[in-house]
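Quick notes on the structure that follows.
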Amino acid sequence: MSRPSLGIIGAGNVGTALALLLSRAGYEVRAVFSRTESRAQRLVEAVGGQAVTSAAAVVEAADLILLTVPDDVVAAVALSLQDSEWSGKGAAHTAGALDAACLDVLAARGAMTGSFHPAFPFAGFETALAGLPRSVFAVEARTVELQRWLIGMAEALSGRWLAVPAGQKALYHCALVIASNYLVTLYALAERMLQSLGAEHEIVSQALNALVQATVDNLREQGIPQALTGPLTRADVGTVRAHLNALAAYDRDALMLYRLLAQVTVPLVAQRGLPTEWIDALIHQEE
Ligand SMILES: NC(=O)c1ccc[n+]([C@@H]2O[C@H](COP(=O)([O-])OP(=O)(O)OC[C@H]3O[C@@H](n4cnc5c(N)ncnc54)[C@H](OP(=O)(O)O)[C@@H]3O)[C@@H](O)[C@H]2O)c1
């Protein structure tokens, strides 16, 4: 299958990692444009191609243009490119919650439009380069040819792809935010609770990192619901009551969160064939 040449608009975390990895996988990166010229320059030094001074110059140079800019500027960048010659070219953004419709202005000019979202958290560059290959990419394409190009990129990165039905990108992205971003929130809350006991930061980190890593390993190896452990799976009513009392004295938001998470966990306990009536009764007591 022939590979499109690539153009990158936005040399940030995602644009840089994709350009580097795809160029290593044999793609030709022809042009890079970014708001800050030096960032585009640094990227082309690593991947080849030209650092250009306008987004329109990227469209002229490449077959497939990746708009790796912040979500809020995707539509504005697309609008600024409506006078370019798009026939036979593709445009895909990498925003998780936006669908291809935000590139309609380019579709009207003959572009094949879509989106290509790596389901991966870009927190650090080295982690991204190591982890992005083998991850999953949400692919949305309005033409068969663009779909082939985008699937080809996912496969060249040793990744897999999933198709998100039209209009469902927000739900798709929300699932990833719950699994990744809010895991960080939960970790931060647990860290604060342990530190409030006077524990050293290093010990707290070691305890939580071991716990989270083992939980992820259990999820990978045993899946749901077997990976669920803890008082809800043992029907330890006294323990859950003690948690509720401790949180009532510690932090009202943490108490609300605990109740809600316990409630959302009820179906998993039921899947294990364990009793659940007591959970509802206890978490709604004195609410
Ligand atoms: N971060 C993640 O974990 C992640 C994961 C998957 C998908 N995404 C999506 O990927 C996209 C990019 O995210 P990111 O994390 O890479 O953001 P980022 O690191 O902030 O990079 C965005 C880049 O776009 C450049 N830029 C901003 N406005 C521009 C404009 N008008 N024209 C040209 N370039 C412009 C920025 O400018 P400078 O040149 O001044 O730096 C920056 O280099 C977003 O849609 C995001 O939702 C992010």
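Each reported figure results from applying straightforward, stated rules to the coordinates on display, with no laboratory input. Nothing here was measured: the structure is a model prediction, and the numbers come from that model. Neighbour counts are summed over all protein chains in view; Cβ atoms, including those assigned to glycine, are modelled from backbone coordinates with ideal geometry.
For the stretch 1-56, which GluC sites (Glu not before Pro) are both in a DSSP coil and crowded by at most 16 other Cβ atoms within 10 Å?
GLU28
Positive contributions from Lys and Arg (+1) and negative ones from Asp and Glu (-1), summed over other residues with Cβ under 13 Å from the Cβ of SER135, come out at +1.
Label reach from ALA163 (point 7 Å along Cα→C-beta): in the stretch 114-155, amide nitrogens under 17 Å belong to 114-117, 137-155.
Compared with the direct C-alpha span, the chain from ARG272 to ALA254 gains 3.8 nm at full extension, assuming 0.36 nm per residue.
Set the Förster distance to 25 Å, then compute FRET efficiency between ALA210 and ALA123 from the Cβ-Cβ distance, nearest 0.05.
0.80
Over the alpha-carbon set of the stretch 159-287, divide Rg by the Kirkwood Rh and report the Rg/Rh ratio to two decimals. Answer for the stretch 159-287: 1.00. Computed on the Cα atoms alone, the convex hull of the stretch 1-101 gives a volume of 99 cubic angstrom per residue. Bridges between two residues of the chain, per DSSP, are antiparallel at a rate of about 20%. Largest first, the three principal axis extents of the alpha carbons in the stretch 6-168 are 38, 36, 27 Å in whole numbers. Calculated from the alpha-carbon coordinates, the chain shows an Rg and a Dmax of 23.4, 69 Å respectively. Label reach from THR143 (point 7 Å along Cα→C-beta): in the stretch 100-118, amide nitrogens under 18 Å belong to 100-116. Taking every alpha-carbon pair under 8 Å whose residues sit at least 6 apart, the chain reaches a relative contact order of 11 percent.
Considering only VAL29, ILE9, TYR250, and ranking their Cα positions along the charge dipole of the chain that arises from unit charges at the beta-carbon of Lys, Arg, Asp and Glu, the one farthest toward the positive end is VAL29. Look at LEU208, LEU18 and count the other Cβ atoms within 10 Å of each Cβ; fewest to most, that gives LEU208, LEU18.
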